[in-house]
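Data first, discussion second: the structure below is written as structure tokens.
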Amino acid sequence: MDALISGKLAYIFAVSVLDAAFLSWIAVRWYRRRVHALMRQASDAAPLAPPPGSPDTTAGTTAADATADATADGTLRAATGQGAPEAAPRSLRAAVHTLVPAAGRPAPDGSPGHHARRRVLAAYVAGALIQAVFFAVIILSDEGMLRIPATYASMIWREAWPLVPALILVLVYDRRAAARAWAAYLGGGIAAVAMVTLVVQSMRGAPDTAIVTNPFWASVSLLYSAWVPLLLAAFVTWRRVRAVIPLVLTTTLVFGFAAVAFREVVVAAFDVPALRSTLLDMAVLSNVNVVYYALFLLASLPVGLLVWSGLGRLATAYEAKWFSDTQLTVDCLWLVVIAERTATLSVSLGAPALAVGAAGFVLYRGTVWLTLRLWPAAVPPAPSRLLLLRVFGHDARTETLFDRVAQRWRFLGPVQLIGGTDLAGRTLDPGDMLSFLGGRLDERYVSKVEAAAHRVSALDFAPDPDGRYRVNDVYCRDHTWQTAIGLLIDASDAVLMDVRSLSPSNLGCVFELEQLLLRQPPDRIVLIVDHTTDLELLRGVLEDAWATAVRAGRAREGDIGLARVERHAPAELDLVVRQLRGEGGTPTVVPLSGLPAVFAG
């Protein structure tokens, strides 16, 4: 049987990954359709009155009403840690930031985001090296080449390559940064092998062509051994399914091993006379396939219960902050790579290769965990909470903005948003998926006014073990989202609103802009525009909202920020992040009436 182990393991792992990717894609699409249906359902509560201070309630208010609203707003802001409103300027102005040569610089050294990135970088580098050394020792010990330094260095380099896609996920690299990371790994590995070879030759006093051939053959070995797991890893890290694929891959792997184990049990059963007779009698009554698959379905019931229980424990561990969503995805990536290595080792080691693979994964994961434990996170006294608002109906654009800006912000503080179908696949977590599969997804929706206050008060502002904060998505009904928006604005420190494609039909965005100027200082708000933005409409909405805020006594000092993002270029999005952090440099300050001229062309 050992001669077939390698093929069986390779089959199980490959089919499980491909099945998981396909099933995850179906699950995400199904989930998004369910989210859309639940959002469109009418609430069982009566239609809500606009929040205090909104245009519908401030128009025509008396001085006493405005004072009462301002007092209530001040109490809410005190509860959420925000200061009292400051004196308002005479008119609202726009602070327009443009690209400068410094665009794209990382966060300054010493900032919480920079510290968190260095910490997670060190953890995954350590985990990659430990597991690479472990597999290098296992592989080379059977070949009698353990004492050859160049071979040892080449093998460690070959086994540590999953570090690159892991860092791309963890550090939220864009395409250019990802290409630089791959180039640095390949170039650094070639240089390291050449350096080790040169040192050994210098010590022996016998230089030869090995300084060229060793790096060449090490590169060939890396490419040959990495292309299959890298291809499988591409399915695991696919943006559209990465949020759910760890759960699905766990399921397909368990059922894959169960199917192979069941087949072995059936084959072994024919060696027992009583069982053989029973199976043959059953086959006579129907046919072989019916008996086989009927028994398999019966055997799958306890396996399914085991999987469901395991997924529930995984979701519980996630809610308890044992790991972040990104850590779960990276662990899934590493599991795929180590699974392929296990199948390869089983050719020479047989069944013990499973234990070797498990040990390698434990070493990697344990090292990451230990490094994060020993290197304490620099948690700021008050994490910066970012609220993300957008024009609905532009899924691809919104997903890109979320991936490039909101995900990076998670090293600085939590990201908050009103959940929708456009980002359902990005914000999906294990608890959401299990609620969906269990038919309880509607329980996560805000259906009443009282539920909105409770939901926002329970937002998660604590960091995960890797120093990353979570995304707080609040799903609402048609008649509850306005209340939730007001509460989310009050519970945020910065607001990013994508008003590209803004048109008169986007009444929800108009309401959000009005609430922003009623509840936040303008200099905490950044609006993203492009050539599709109706700047005249935007100017009119902002002027009306500002007038409403002034009448209500809630307008504050500051200039509202604007940034132009046309192609999602790294420099454009880096500028947005810096602008949100107050590091965008000296802006061009113009009256709202000057916006069309500033953005002309």
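The values are calculated or read from the model by the stated rules, or taken from the named source; none is laboratory data. On a predicted model such as this, the values are computed, not experimentally measured, just so you know. Cβ atoms come from the backbone with ideal geometry, glycine included; neighbour counts cover every protein chain shown.
If you filter the stretch 300-338 down to residues that are small (Gly, Ala, Ser) and out of contact with any Ser or Thr (no Cβ under 8 Å at 6 or more places or on another chain), you find that the one that is nearest to PRO229 (Cα to Cα) is SER324. On inspection, ARG158 fails the criterion of being of a type in the set (Lys, Arg), in contact (Cβ under 8 Å) with a residue 60 or more places away in the chain and under 30 Å from ARG470 (Cβ atoms).
Among the criteria (1) in a helix (DSSP H, G or I); (2) more than 18 Å from ALA563 (Cβ to Cβ), the one GLY420 does not fulfil is (1).
Reported count of residues in the stretch 451-504, each being over 22 Å from PHE436 (Cα atoms) and in contact with a Gly (Cβ under 8 Å, 6 or more places away or on another chain), is 4.
The number of residues in the stretch 543-596 that are part of a helix (DSSP H, G or I) and not aromatic (Phe, Trp, Tyr) comes to 24.
Per this entry, ARG263 is not counted among residues that are under 30 Å from THR400 (Cα atoms), surrounded by fewer than 16 Cβ atoms within 10 Å (Cβ to Cβ) and not hydroxyl-bearing (Ser, Thr, Tyr). If I filter the stretch 444-469 down to residues being within 24 Å of GLY393 (Cα to Cα) and outside any helix (DSSP H, G or I), which single residue comes out as nearest to the chain's Cα centre (by Cα)? Restricting to residues being within 24 Å of GLY393 (Cα to Cα) and outside any helix (DSSP H, G or I), the top hit is TYR445. Given the structure, is ALA233 crowded, with 17+ Cβ neighbours inside 10 Å, part of a helix (DSSP H, G or I), of a type in the set (A, V, I, L, M) and in contact with a helix residue (DSSP H, G or I) (Cβ under 6 Å, 6 or more places away or on another chain)? Taking the combined requirement at face value, the residue satisfies it.
A quick yes/no check of all residues on (1) without any contact (Cβ under 8 Å) to a residue 12 or more places away in the chain; (2) over 17 Å from LEU412 (Cβ atoms); (3) surrounded by 23 or more Cβ atoms within 10 Å (Cβ to Cβ):
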position: ARG455; (1), (2), (3): no, yes, no
position: LEU459; (1), (2), (3): no, no, no
position: ALA462; (1), (2), (3): no, no, no
position: CYS476; (1), (2), (3): no, yes, yes
position: THR483; (1), (2), (3): no, yes, yes
position: ASP490; (1), (2), (3): no, yes, no
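Take VAL266 and decide whether it is in contact (Cβ under 8 Å) with a residue 24 or more places away in the chain, over 36 Å from the mean Cα position of the chain (by Cα) and over 16 Å from ALA339 (Cα atoms). It is true that VAL266 is in contact (Cβ under 8 Å) with a residue 24 or more places away in the chain, over 36 Å from the mean Cα position of the chain (by Cα) and over 16 Å from ALA339 (Cα atoms). When you check PRO165 against the structure, is it buried (at least 19 other Cβ atoms within 10 Å of the Cβ), modelled with pLDDT of 90 or more, under 27 Å from the mean Cα position of the chain (by Cα) and more than 30 Å from ALA600 (Cα to Cα), yes or no? Criteria met by PRO165. The residues in the stretch 494-541 that are polar (S, T, N, Q) and either assigned to a helix (DSSP H, G or I) or within 19 Å of ARG556 (Cα to Cα) (or both) can be counted, and the count is 2. All of VAL391, VAL415, VAL405 fail the test of being in contact with a Cys (Cβ under 7 Å, 6 or more places away or on another chain), surrounded by 21 or more Cβ atoms within 10 Å (Cβ to Cβ) and closer than 27 Å to LEU459 by Cα, apart from VAL391. For the stretch 548-601, what are the residues that are under 19 Å from GLU512 (Cβ atoms) and of a type in the set (Gly, Ala, Ser)? Across the stretch 548-601, the qualifying residues are ALA549, ALA552, ALA555, GLY558, GLY561, ALA563.
Name the single residue, out of those in the stretch 547-589 being farther than 30 Å from ALA178 by Cβ and without any contact (Cβ under 8 Å) to a residue 24 or more places away in the chain, that is surrounded by the most Cβ atoms within 10 Å (Cβ to Cβ). Within the stretch 547-589, the match that is surrounded by the most Cβ atoms within 10 Å (Cβ to Cβ) is ALA547. Identification of helices (runs of 4 or more DSSP H) wholly contained in the stretch 244-344 with 1 or more residues that are modelled with pLDDT of 90 or more yields 245-269, 288-319. In the stretch 525-546 there is no residue matching the filter, namely being on the phi > 0 side of the Ramachandran plot and either surrounded by fewer than 23 Cβ atoms within 10 Å (Cβ to Cβ) or not acidic (Asp, Glu) (or both).
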